[in-house]
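Every number here is computed from the coordinates shown, using simple stated rules; none is lab data. Please read all numbers here as calculations on a predicted model, not as lab measurements. Cβ: placed from backbone, ideal geometry, glycine included. Neighbour counts: every protein chain shown.
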Amino acid sequence: MQSTEFFEQLGLRRIVNAAGKLTMLGASTQSTTVSAAMLEAAQHFVDLGELMQAADRAIAAATGAEAGFVTSCAAAGITIATAACITRGDLARTEQLPLPPGPPDQMIIQGGHKIHFGARLTQVMALAGRR
């Protein structure tokens, strides 16, 4: 089945994405290499914790960052980053989210970053306990 037929069967209309990589517009198209890797991976069972640790190492190696984490969208990434800042690796604090037991629970963001990209930035940060 062609992808356009699939969308037509769902009653969806095709759009022209002039916004770039935006979660609400499907985030981004993917290469055939990525699609093939996903298809191959979907044929096997693995421990998801181990998979996330392997992805963490791969992202860190590719970017030079200390660590990495795969999320489904920018909002999820911001929420997880906020939670990491608030909990600072403390499991007891993590288990109390989204209601951390006090400071640190505030974050400062530049006014220009208080945007709406399908969700309010301040809302996705609040999901992780930010005041």
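Brief remarks on what is shown
- Against the rule of thumb 2.2 N^0.38 Å, how large the Cα Rg of the stretch 21-68 comes out: 1.38
- Restricting the stretch 44-131 to chymotrypsin sites (Phe, Trp or Tyr not before Pro) in coil, as DSSP defines it, with at most 10 other Cβ within 10 Å: F45
- Rg and Dmax [Cα atoms of the chain; Å; Rg one decimal, Dmax integer]: 18.4, 54
- Sorted fewest first by neighbouring Cβ atoms within 10 angstrom, H116, H44 come out as H44, H116.
- Principal-axis analysis of the Cα atoms of the chain puts helix 48-63 at an angle of about 90° to the longest axis.
- Computed extension gain for L39 through A92, at 0.36 nm per residue and net of the alpha carbon distance, reaches 15.3 nm.
- Note on S72/T122: beta-carbon distance plugged into 1/(1 + (r/R0)^6) with R0 of 35 Å gives a FRET efficiency of 0.95.
- Compared with the dominant principal axis of the Cα atoms in the chain, helix 74-87 is inclined by about 20°.
- Each 5 Å bin from zero holds the following percent of Cα-Cα pairs in the stretch 1-40: 6, 18, 17, 26, 25, 8, 0.
- Two-decimal Rg to Rh for the stretch 55-131 - Kirkwood Rh, Cα set: 0.99
- Per-pair calculated FRET efficiency, R0 = 41 Å: L99 and A54 via Cβ, rounded to 0.05: 0.80
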